[in-house]
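**Student:** Below you'll find the structure I mean.
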Amino acid sequence: MNLNFVGKVALITGATSGIGEATAQAFRQQGASLVLTGRNQQKLAELQARFDGQKGARVFSVPGDLGDPAFCRELIRQTEQELGRLDVLVNSAGIIAMGRINNTSLDDYDEMMNLNLRSVFYLIQLSIAMLSKSKGNIINVSSVAGLRSFPGILAYCVSKAGLDQLTRCAALELAEQGIRVNAVNPGVVETRLHLNSGMDREAYRQFLEHSKSTHPLGRVGRPEEIADLILFLASESAGWITGATYSIDGGRAQTCAR
């Protein structure tokens, strides 16, 4: 299996925590140069210092809000200016919010769609020129909620279902340029996603404990497990895989709602 990324550049969004941070570490360990982005400027600086301490490739960070199209354009511009190429785009940034069909506001719905779906569409669009030169690829971090419906997180489910369809459509349209597009669909993974949405620590602890019973393998996932799948899908060993949405969820997508 060829997981060597020496001489290649990976752009990772949502790199300051959870799956994004674990993915950055995985690519760095395989020799890739990194462009990291997130809204936490201090954490980005810490990551850059940590990864720069390792030998070899460059690490470059660009803090900002992916919900702002102007920032998306600046992120791609700086990637090309500073590193001159792009081989892998990992769209890991995302948010979740509680809400049902009767109480989700338009503002909350729009915010979810803007970050989880619209910004991914735009970054893919902006990255085509560089990825077509490198015959690179894109991995979108979706969710089991893109494949199955769950009550109480309506806008999140819709955004991830849209992301899965964006993955398939983009894979079909970009294949002729040699660009592969895939997605990973994790179940519950222990990250800061729910805490950042406003869930308090005790409620989150109870949620993780309950999730052991909703995932057939009896536990929640680890960010590093998702990062390993992303690394494989980005590698030459996955060179004939495109348009796929890969469940990595302890069997959660095979169960009924409970």
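Values quoted throughout were computed directly from the atomic coordinates according to the rules given, and no laboratory measurement underlies them. The shown structure was predicted, so the numbers you read here are calculated from the model rather than taken from an experiment. Neighbour counts are summed over all protein chains in view; Cβ atoms, including those assigned to glycine, are modelled from backbone coordinates with ideal geometry.
**Student:** So, with +1 on the Cβ of K and R and -1 on the Cβ of D and E, and no other charges, what is the size of the charge dipole of region 130-185 about its Cα centre, to the nearest 20 debye?
**Tutor:** Using Cβ point charges on Lys, Arg, Asp and Glu, region 130-185 gives about 120 debye.
**Student:** Below 22 Å, Cα to Cα, which lysines can Lys43 reach? Residues fewer than 8 away in the same chain don't count.
**Tutor:** Lys55
**Student:** Further question on the same structure: So which residue, out of Pro223, Pro186, Pro151, gets the largest mean-square fluctuation from a GNM of the chain using Cα contacts under 10 Å as springs?
**Tutor:** Per the Cα network of the chain with a 10 Å cutoff, Pro151 tops the list.
**Student:** Sort out for me the Cα centre separation of region 7-42 from region 206-258, rounded to whole Å.
**Tutor:** One Cα centre to the other: 19 Å.
**Student:** Rank Ser159, Ser132, Gly64 by how far each Cα sits towards the positive end of the charge dipole of the chain (+1 on Lys, Arg Cβ; -1 on Asp, Glu Cβ) and give me just the farthest.
**Tutor:** Of the listed residues, the answer is Ser132.
**Student:** Would you tally the net charge around Asp87, using a Cβ to Cβ cut-off of less than 10 Å, leaving Asp87 out, and scoring K and R as +1, D and E as -1?
**Tutor:** Net charge in that neighbourhood comes out at +4.
**Student:** Using mean Cβ contacts within 10 Å as the protection proxy, how do 101-112, 138-149, 116-127 order, highest first?
**Tutor:** 138-149, 116-127, 101-112
**Student:** What whole-number distance in Å separates the alpha-carbon centres of region 100-140 and region 146-174?
**Tutor:** 10 Å
**Student:** Still on this structure, I have one more. Looking at Val188, Ile12, Thr37, which one has the Cα that reaches farthest to the positive end of the dipole of the chain (charges on Cβ: Lys, Arg +1; Asp, Glu -1)?
**Tutor:** Positive-most Cα among the choices belongs to Val188.
**Student:** All other residues with a Cβ under 14 Å from the Cβ of Ser132 taken together, and with Lys, Arg as +1 and Asp, Glu as -1, what is their net charge?
**Tutor:** Taking every other residue near Ser132 into account, the sum is 0.
**Student:** Size of the dipole of region 9-245 about the Cα centre, Lys and Arg at +1 and Asp and Glu at -1 on the beta carbon, nothing else charged, in debye to 20?
**Tutor:** Charge dipole, region 9-245, about its Cα centre: 360 debye, nearest 20.
**Student:** Treating only the Cβ of Lys, Arg, Asp and Glu as charged (+1, +1, -1, -1), what charge dipole size does region 132-258 show about its Cα centre? Round to the nearest 20 debye.
**Tutor:** 160 debye
**Student:** By the scheme Lys and Arg +1, Asp and Glu -1, what is the net charge of all other residues having a beta-carbon under 12 Å from that of Val144?
**Tutor:** Surrounding charge for Val144 is +1.
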